[in-house]
Amino acid sequence: MVDPAATSMTDGLGRRIDYLRISVTDRCDLRCRYCMAERMQFLPKNQVLTLEEIALLADLFIARGVRRIRLTGGEPLVRRDIIDLIRRIGRHLDAGLQELTLTTNGTRLADHAEPLHDAGVRRINVSLDSLQADRFAHITRGGDLSAVRHGLDAARAAGLAVKINMVALKDINADEILPMLRWCDSQGFDLTLIETMPLGETGEDRTDHYLPLSHVAQEIDAHHALTPIAARTGGPARYHDVEGLGVRLGLITPLTRNFCADCNRMRMTCEGKIYMCLGHDDHVDFKAALRSGGLAAVEPLVDRALRRKPAAHDFRIGADAPTAAVQRHMSVTGG
Ligand code: SAM
Ligand code: SF4
């Protein structure tokens, strides 16, 4: 028998879209150099969806066939009462929703790890680009590494599985990639490396620090042989076993190896805009419909969004490419 949810969330190219990322805020307590400008203009509060509106839209997407939701931002843990939202969405776990996860910078994890686990979260991604306090402060423009380390300890104690996200940056943290891999092994964490993407102006030239992961993988392989794992999660990362270490290594290579043919996701901003691709400006605005006509007015927009999912992004970094492929920062669409 055909699963109605499976067919109702299929895009124009036959890809099944069952993964939703929700950016719950565009605000953040850090200013990572590859992500944001030093001075950012954030959205006024009345333009941001309330937690109740986010929950209602999550209900709708789950009813339509979304099976995994990741909350992100901006920094999701700076949003007040975020745990209430997570508890509310978590009610769908085992009743339609298979997984609820979170991506965080970890600065507020020490206080939130246990409540996250209690709300049904079992896995989190924590962004960490350096294990050196001064370098971490440089990359994040002022972040405190020890807060993140405490957060990671709390996550482990609470029983959350942790994957570290590290953006690979030439001349900034390239020499820390092997140490980070070995440290993740010692901590029981997985590691995903990410190529810096041209999203939004940051006041810096990303070309200076762009590091192709094809080179990085060769270097790691010389020390710890990498074996690709056949299993895919439907996400952009390609995973590898790492010889001698218990870490699963993910590589996200939007620049050097396109993964759009397998894309299963869409993204909702904290303003209620649905982007079907990180690398395109096209979107469908759910907030206006929700505020004027309720969920009944939003329902037809889901199909409109699905029909508009593009085949692929077109990220380039280099002398002939614009500094930003789209003007939105990653923190707006949700990383
Ligand atoms: N604040 C949270 C965090 O840092 O984990 C969640 C939001 S952040 C936008 C999500 C992920 O996007 C982080 O792992 C971050 O390193 C990554 N990211 C942000 N800007 C990026 C860019 N221009 N290129 C590649 N990755 C980026
Ligand atoms: Fe904030 Fe995350 Fe962007 Fe860093 S990567 S500035 S922590 S949203």
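Here, each number is a calculation from the coordinates, and none is a lab measurement. Everything quoted here is computed from the prediction, not taken from an experiment. Note: ideal-geometry Cβ built from the backbone for every residue, glycine included; neighbour counts use all protein chains shown.
Couple of notes before you dig in:
- Rounded to 5, percent antiparallel among DSSP beta bridges of the chain: 30 percent
- Label-to-label distance, R80 versus I229, with points set 7 angstrom from Cα along the beta-carbon direction: 4.0 nm.
- Across the chain, C-alpha contacts under 8 Å between residues 6 or more apart give a mean separation that, scaled by the residue count, equals a relative contact order of 21 percent.
- Put simply, the amide H of I229, placed in the peptide plane, has neighbours under 5 Å in Y239, H240, D241, leaving out anything fewer than 5 places away on its chain.
- Here is the tail figure for segment 4-333: Cα pairs spaced more than 32 Å apart come to 25 percent of all pairs.
- The amide H of N173, built 1.01 Å from its N in the peptide plane, has no neighbour under 5 Å, considering only residues 5 or more places off or on other chains.
- Annotation: extensible slack from L13 through H138 equals 40.7 nm (criterion: 0.36 nm per residue apart, minus Cα-Cα distance).
- Here S292 and A261 are evaluated by their C-beta separation; at R0 = 25 Å the FRET efficiency comes out at 0.10.
- A protection proxy built from the mean count of other Cβ atoms within 10 Å ranks the segments 53-62, 97-106, most packed first, as 97-106, 53-62.
- GNM on the chain, alpha-carbon springs under 10 angstrom: the most fluctuating residue among L128, L178, L211 is L178.
- Per-residue ellipticity at 222 nm computed for the chain from its helices equals -9500 deg cm²/dmol, with DSSP H segments shorter than 4 residues left out and the rest contributing -39,500 (n - 2.57).
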